[in-house]
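Since every read-out is calculated from the coordinates, none of them should be taken as a lab result. Remember, it's a predicted structure, so these values are computed and weren't measured experimentally. No Cβ is skipped: glycine too gets one built from the backbone with ideal geometry, and neighbour counts run over all protein chains shown.
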Number of protein chains: 2
Amino acid sequence: MPTVAILVFPGVQALDVSGPMDVFAEANRFLPREQHYQLEVLGTKRGPIPCSNGLPIMAHRHYSEATEGFDLLLVAGGPELPRMPRDEKLLGWLRDTTTRSGKFGSICNGAFLLAHAGLLDDRQVTTHWNDAPGLAVMFPKIKVDADRIFLQDGNLYTSAGVTAGIDLSLYLLSNDVGPEVSLNVAKRLIVFMQRRGGQSQFSPYLTPYVAETSPASIAQQYVLAHLAEELNVENLATVVAMSPRNFARVFVRDTKITPADFIESARVDAARALLEASSDPLKRVAYRCGFSNANQMRQVFVKRLGVTAMQYRANFAGFQKA
Amino acid sequence: MPTVAILVFPGVQALDVSGPMDVFAEANRFLPREQHYQLEVLGTKRGPIPCSNGLPIMAHRHYSEATEGFDLLLVAGGPELPRMPRDEKLLGWLRDTTTRSGKFGSICNGAFLLAHAGLLDDRQVTTHWNDAPGLAVMFPKIKVDADRIFLQDGNLYTSAGVTAGIDLSLYLLSNDVGPEVSLNVAKRLIVFMQRRGGQSQFSPYLTPYVAETSPASIAQQYVLAHLAEELNVENLATVVAMSPRNFARVFVRDTKITPADFIESARVDAARALLEASSDPLKRVAYRCGFSNANQMRQVFVKRLGVTAMQYRANFAGFQKA
């Protein structure tokens, strides 16, 4: 019987815990008794542990009582986890227990606990889009990929925020016992088996609004105010009265991206907002955001978000009248 | 401050509880203090309440202590709920409390508790696809719609299985405070704002396999064995040596659907299986299942499942190599 343990702490996100647990528990309905997953929740504290939504849950054991290994050890996340102080005893336990375990991983920003334990160095890792930049800065040895729903690197499995723990668990289940059981569980829980596109489509618009008056920031403001017009290095250079070559050099130095990349990302951000909030036809959205046509907008969306503009609208548009 | 209460019981599905709670708790990050949702879990039992996945949770109060009303009262579901004995005290409390409350509703098969209390009579209701036929049979006065992710009928809100509680909560949130907060919460939890298609796409193949030798069942077996061929009332009548008119009459009497409806549903079921398990081109799937062409298959999928065959494959195909 494969063993699965999930580590929780005060302030844990309830969905990070119940998502994976419900996946493996529902799988047991479709599996012969000897293949049933044995699920256990390990707490960093004894007694009731309050989740971030206020619900108290009870761990089955204090983590320090678990001196064995597990087939799978998952660390849950929580809104405050990235700012919690290091707990050397817990980190030591994590190092020991992952050594004794088959697979291990994290849901959401549970990656920070594994990172503090040094267990993510030199490995490909994903986490909640909101915490990905912080993880990369705090732990420069980790290869953070902020655009994945989940990611496997050897025996390490990390997932994006919150409900992405369900996607990761379905993937682990599919590898363990085959796609049919995994699909049956997905249908019982009413979740899609595979999501379209990466995590970037969930993140908010990243276009930086810079208040300064450097040439780069003046050019950025200009781009944001003239999205529907023709924009390129030449006309931006004219706006800031520099040579195109010098302007491009300064822009890259100050913003870490090229002017063309900034223009495209600003257009995508504007299009996302229109797709979410309006019912304008794709052609008009493309035109208003400065894409040549709907087809070019489609291509840029697929490249940057992994979904077409039409799929993006279907995923994120407001509710129609029920 | 709007009040939200969720009723839980031993064997409750953990995701039915944490989904809605996390939606409203995350919304509080985006709302001014005076608009914060006040969340409370009410238990049918004191002390730790084990979820169906084995996790013990603690209700904030026993339901009988809640003598006030709520802005929203939700009843969670659980795998065993449809088979649990009636609890007249609880049902009386439900009747009283919904009268004192603004909106009320259910997640998953939590609808059975509301139904036992008589609160769903003559109303449009949805529930988990697996429990929808049972609800309709046990409570003939309820108008069960088994193809919805969630459904509003006046101040009553019901949702499909498990994670559909998240969709319903996002919808309630959107109505309360607008689509922007709802979209922000969806992005934090990594869930799509609107799912495509209805609940039918999650249910397993419903094609009945009848072992009997009635004309209807012989015709059904024939259909399943000759999906790729031309099928109609005339050739099925020949198979069972009846006149087309008499065969159609007997088939409808015994199966409650027309031969044409059965043929189409058998073709859709076969196509779903191929789309999930194979990477055959749509054209070949259509041909093997007896559709005239990929475009006709597309139309039938949209009519029956609310999504195209291509979208269905994207949602339910097995994991590609990571």
In segment A:140-169, which trypsin sites (Lys or Arg not before Pro) are in a loop and have at most 13 other Cβ atoms within 10 Å, using DSSP for the loop call? A:K141
Quick one: net charge of A:W93's neighbours, Cβ under 14 Å, K/R +1, D/E -1? +1
Expressed as an acute angle from 0 to 90° and rounded to the nearest 10, what is the orientation of the C-alpha long axis of helix B:294-305 relative to the principal long axis of chain B? 40 degrees
Fewest-first ranking of B:V307, B:V144, B:V302, using other Cβ atoms within 10 Å as the exposure measure: B:V302, B:V307, B:V144
Going by the alpha-carbon gyration tensor, a ≥ b ≥ c the square roots of its eigenvalues, is segment A:3-200 rounded (a/c under 1.5) or, if a/c is not under 1.5, prolate (a/b greater than b/c) versus oblate? rounded
Below 12 angstrom from the Cβ of A:D153, what's the summed charge of the other residues (Lys, Arg +1; Asp, Glu -1)? +1
If you place +1 on the Cβ of every Lys and Arg, -1 on the Cβ of every Asp and Glu, and leave all else neutral, what size is the dipole of chain B about its Cα centre, to the nearest 20 Debye? 520 debye
7 Å along Cα→Cβ for the label point: how many nanometres lie between B:M310 and each equivalent label in the other copies, listed shortest first? 0.7
Rounded if a/c is under 1.5, else prolate if a/b is larger than b/c, else oblate: which is segment A:21-78, with a ≥ b ≥ c the root eigenvalues of its Cα gyration tensor? oblate
Where the label is 7 Å out from Cα toward Cβ, how close does A:T213 come to the same position in every other copy, in nm, shortest first? 9.6
Here is the link list: A:K103/B:K45; B:K103/B:K256; A:K103/A:K187; A:K187/B:K283; A:K283/B:K103. Which ones come out longer than 29 Å on Cα distance? A:K103/B:K45; B:K103/B:K256; A:K283/B:K103
Using a cut-off of 14 Å between beta-carbons, work out the net charge of the residues near A:V185 (Lys and Arg +1, Asp and Glu -1, A:V185 not included). -3
Only four residue types carry charge here, +1 at the Cβ of Lys and Arg and -1 at the Cβ of Asp and Glu. Report the dipole size of the protein assembly as shown about the Cα centre in Debye, rounded to the nearest 20. 820 debye
Expected integer from the mean partner chain Cβ neighbour count at 10 Å over A:51-62 is 6
What shape does the protein assembly as shown have by the C-alpha gyration tensor, where a ≥ b ≥ c are the square roots of the eigenvalues, rounded means a/c under 1.5, and otherwise prolate means a/b greater than b/c and oblate the rest? oblate
What are the residues whose amide H is under 5 Å from the amide H of B:V75, where those residues sit 5 or more places off or on another chain and H is modelled from the backbone? B:L7, B:G105, B:S106, B:I107
Mean separation of Cα pairs under 8 Å and 6+ residues apart, divided by the residue count of segment B:215-316: what relative contact order is that in percent? 24 percent
Peptide A:161-168 - average C-beta neighbours from other chains (10 Å radius): 4
When only DSSP loop residues count, what GluC sites (Glu not before Pro) in segment B:188-283 have their Cβ near at most 12 other Cβ atoms within 10 Å? B:E212, B:E229, B:E230
Averaged across the residues of B:9-19, what count of C-beta atoms belonging to other chains lies within 10 Å of each residue's C-beta? 5
Please list, by residue number, every one of the GluC sites (Glu not before Pro) in segment A:54-156 that is coil in DSSP and has at most 12 other beta-carbon atoms within 10 Å. A:E68
Give the residue from A:V302, A:F316, B:V185 lying farthest towards the positive end of the charge dipole for the protein assembly as shown; charges sit on Cβ (+1 for Lys and Arg, -1 for Asp and Glu) and the dipole is referred to the Cα centre. A:V302
Return the whole-Å distance between the Cα centroid of segment B:1-75 and the Cα centroid of segment B:256-322. 40 Å
Pseudo-label separations to other copies for A:G118 - Cα-to-Cβ vector, 7 Å, nm: 6.9
Where the centre of each part is set by its Cα atoms, how far does segment A:211-254 sit from segment A:100-163, in angstrom? 36 Å
Taking the dipole about the Cα centre of chain A, with the C-beta of Lys and Arg at +1 and of Asp and Glu at -1, give me whichever of A:A241, A:Q194, A:L94 is farthest to the positive side. A:A241
